[in-house]
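Remarks on the structure that follows.
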Amino acid sequence: MISLRFRSTTVFLRCSSNLQKSQRRNEYTFAGARALLQKFDGGQIRLEKRGQIAYVAVENPSRKNALTGKMMCDLDDIVTDLEKWNEGGGLIVRGDGENFCSGGDLRFVKTICNPRDGLRMSLFMQHVLSRLQHLPLISVAVVEGKALGGGAELSMATDFRLMSPSAQIGFVQRRVGVTTGWGGFTRLSKLVSRSVALSLLASGELLTATRCQELGLCQVSSGGNIIEEAEKLLTGMIQDEVAVSRVVKQLVSGMYDSEDARSLTIEREYFGQVWGSAHHQQKLGGNIRFRSE
């Protein structure tokens, strides 16, 4: 009896240990990350399709279109929808009101300010934005107002950026004690030189539309109806041959798959080293303002 009870206890402990390991692994799966993020409500990301162009609107204007966990899940759902949309050729991503997106909502960010949750968010957003980037749709981010932090990373996941003359893009993550974690560096380093990417991330500089154009990051709107300009840009590439434009987009996207995957993993690992650190928590506890310096 003693031996039997001992073996039963041993089996139970092994099963318990395996369950705990399984639970820990699940925390770092996409489904586990989504289960965490969907708990944090507020705002929405909305999808509309008109003809051959899809329109994605980031809507949380009272928070400068900052992303909550629920909005991140909205974006995942929208990308899933667009992956099945065979008739489409173009995609426009924009912010509601006066700003494009100011990154993660600070109320939500403060709640998950620990390495475990930060890595789960990074895993989730890297996956969603990579899928967005690789959609067979030619995409344009229409940037009005500011695209800050995660908002700058979101804008880099599109093929083109069309900025209003007064708009600004800023990789301001270092101002809150972290670095890019959604794939922003991986995509930025494909668009500018290594030294420029290093300077932008290390300084947290806010870039004007003119400066972004000089760096090859964007085109600048004429100052008229910026959505109509984005539509014209897309129509010129899509025209009536949507099937061809979709293949061309997939060809270009496929060139970077394996290289990007390794870079995203490295980026996520370094992000995990600073997210939730004492310095990060101290920065989040301050009165954060992002102004041109």
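The values are calculated or read from the model by the stated rules, or taken from the named source; none is laboratory data. Small disclaimer: the values here were computed from a predicted structure and weren't measured. For the accessible areas, the whole protein counts, side chains as well, though only heavy atoms, and no ligand, DNA or RNA atoms are used. Shrake-Rupley method; radii C 1.70, N 1.55, O 1.52, S 1.80 Å.
Residue-wise HN-Hα couplings along the range 33-48, as the Karplus relation 6.51 cos²θ - 1.76 cosθ + 1.60 with θ = phi - 60° gives them from phi, are 5, 5, 4, 5, 5, 5, 6, 9, 7, x, x, 7, 10, 10, 10, 9 Hz; Gly and Pro carry x. The structure shown yields mean projected area of the Cα convex hull in nm², and of the options (1) 16.6; (2) 19.0; (3) 18.2 that calculated value carries the label (3). Short to long, the 5 Å bins of the Cα pair-distance histogram for the range 57-150 hold 3, 13, 22, 24, 20, 12, 5, 1, 0 percent of all pairs.
The fraction of accessible area contributed by carbon and sulfur in the chain is 53 percent, rounded to a whole number (1.4 Å probe; ligands and nucleic acids excluded). Computed per residue of the chain from DSSP H runs no shorter than four, each worth -39500 (n - 2.57), the mean residue ellipticity at 222 nm is -16500 deg cm²/dmol.
Here the range 167-222 has an Rg and Dmax of 11.1, 36 Å, counting Cα atoms alone.
Ordered by solvent-accessible area of protein heavy atoms (1.4 Å probe), largest first, the residues 120, 268 come out as 268, 120. Residues in the range 189-205 carry Karplus couplings, in order, of 5, 7, 9, 10, 6, 4, 5, 5, 4, 4, 4, 5, 6, 6, 8, x, 5 Hz; the curve used is 6.51 cos²θ - 1.76 cosθ + 1.60 with θ = phi - 60°, and Gly or Pro positions show x. With protein chains left intact and a 1.4 Å probe, residues in the chain average 49 Å² of accessible area per residue. Here's how it looks for residue 93: its modeled amide H is under 5 Å from those of 56, 140, 141, 142, which are all 5 or more places away or on a different chain.
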